[in-house]
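Data first, discussion second: the structure below is written as structure tokens.
The values are calculated or read from the model by the stated rules, or taken from the named source; none is laboratory data. Given the structure is predicted, the values throughout are model-derived calculations rather than measurements. Methodologically, a virtual Cβ is constructed for each residue, glycine included, from the backbone with ideal geometry; neighbour enumeration extends over all protein chains shown. For accessibility, only protein heavy atoms count, side chains too; no ligands or nucleic acids. Shrake-Rupley method; radii C 1.70, N 1.55, O 1.52, S 1.80 Å.
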Amino acid sequence: MKKEKKLKQKIDLKNKLLSSYAFNFQQKNEIINKVFSLARGFEKTSSISEEKKLIQELIHIGKENLQVDKEWEHFRLFFEETLAGFHSKLKSKHPELNSNDLKICSLIRLNLNIKEAANILNISPGSLKTARYRLRKKLNLKPGQKIIDYIIKIDQEDFC
């Protein structure tokens with residue numbers, strides 16, 4: 001029983017770290033979007049060509065930093081360490097899922113709301129709703145069946 005308690009505490013800690021990682025994604029993207037927005041505004045009001053070049057470079061840096069592929073790979077590895085086999089279970093049951101679908105499933109599994117998940121993926125909440133709708137079709141969910149319940153059920157299944 002003591003061993004089970006320690007394992008549960010370890011899993012709880014990893015889940016907290018995973019949520020923290022996701023929250024850090026969200027904050028990073030919010031900051032970059034603010035800088036990006038400010039730079040665009042400054043570019044419109046500036047008349048000096050050198051300042052415009054600097055602003056264009058700042059916009060370029062903002063665009064580059066919004067690409068979360070490297071961070072997502074770290075997140076995915078940590079996610080798989082915490083929820084071992086989750087992606088494998090999903091892919092074995094639904095081989096047509098692409099990497100973007102797996103990202104969305106991961107964020108759903110963390111029980112993030114639409115706004116938080118959209119911010120992490122750097123897309124609009126409307127785009128995420130559309131992506132979730134398409135994901136529901138790929139997962140063959142029935143009307144009224146909650147996607148979070150389905151994903152948790154898959155995660156809790158024994159991997160064959």
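Only a single criterion out of (1) modelled with pLDDT of 80 or more; (2) hydroxyl-bearing (Ser, Thr, Tyr); (3) touching a Leu at 6+ places or on another chain (Cβ under 9 Å) is not satisfied by THR82, namely (1). Is it the case that region 141-153 has a residue that's assigned to a helix (DSSP H, G or I) and within 13 Å of ALA22 (Cα to Cα)? No, every residue in region 141-153 fails to be assigned to a helix (DSSP H, G or I) and within 13 Å of ALA22 (Cα to Cα). Within region 113-153, the set of residues being buried (at least 19 other Cβ atoms within 10 Å of the Cβ) and under 18 Å from THR82 (Cα atoms) comprises just one member, ILE151.
Yes or no, residue by residue, for (1) over 19 Å from the mean Cα position of the chain (by Cα); (2) of a type outside the set (A, V, I, L, M):
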{"position": "CYS105", "(1), (2)": "no, yes"}
{"position": "ASN113", "(1), (2)": "no, yes"}
{"position": "LEU121", "(1), (2)": "no, no"}
{"position": "LEU141", "(1), (2)": "yes, no"}
{"position": "GLN145", "(1), (2)": "yes, yes"}
{"position": "TYR150", "(1), (2)": "no, yes"}
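Taking region 93-112 as the range and being open to solvent by 60 Å² or more (accessible area, probe 1.4 Å), farther than 20 Å from ASN15 by Cβ and either in a loop (DSSP other than H, G, I, E, B) or basic (Lys, Arg) (or both) as the test, the residues that pass are LYS93, PRO95, GLU96, ASN98.
Close Cβ contacts (under 7 Å, 6 or more residues apart or on different chains) running from residues in region 117-145 that are of a type in the set (D, E, K, R) to residues that are assigned to a helix (DSSP H, G or I) comprise LYS129/ILE114; ARG132/ILE104; ARG132/ILE147; ARG136/ILE147; LYS138/ASP101. Among the residues of region 79-92, those identified as touching a residue at least 60 places away in the same chain (Cβ under 8 Å) and open to solvent by less than 70 Å² (accessible area, probe 1.4 Å) are PHE79, THR82, LEU83, GLY85, PHE86, SER88, LYS89, LEU90. Residue-level analysis places ASP149 among those that are at pLDDT 90 or above and of a type outside the set (A, V, I, L, M).
Take region 52-78 and flag every residue that is over 18 Å from SER19 (Cβ atoms), at pLDDT 75 or above and open to solvent by less than 70 Å² (accessible area, probe 1.4 Å). If the condition is that a residue be over 18 Å from SER19 (Cβ atoms), at pLDDT 75 or above and open to solvent by less than 70 Å² (accessible area, probe 1.4 Å), then ILE55, LEU58, ILE59 are the ones that fit.
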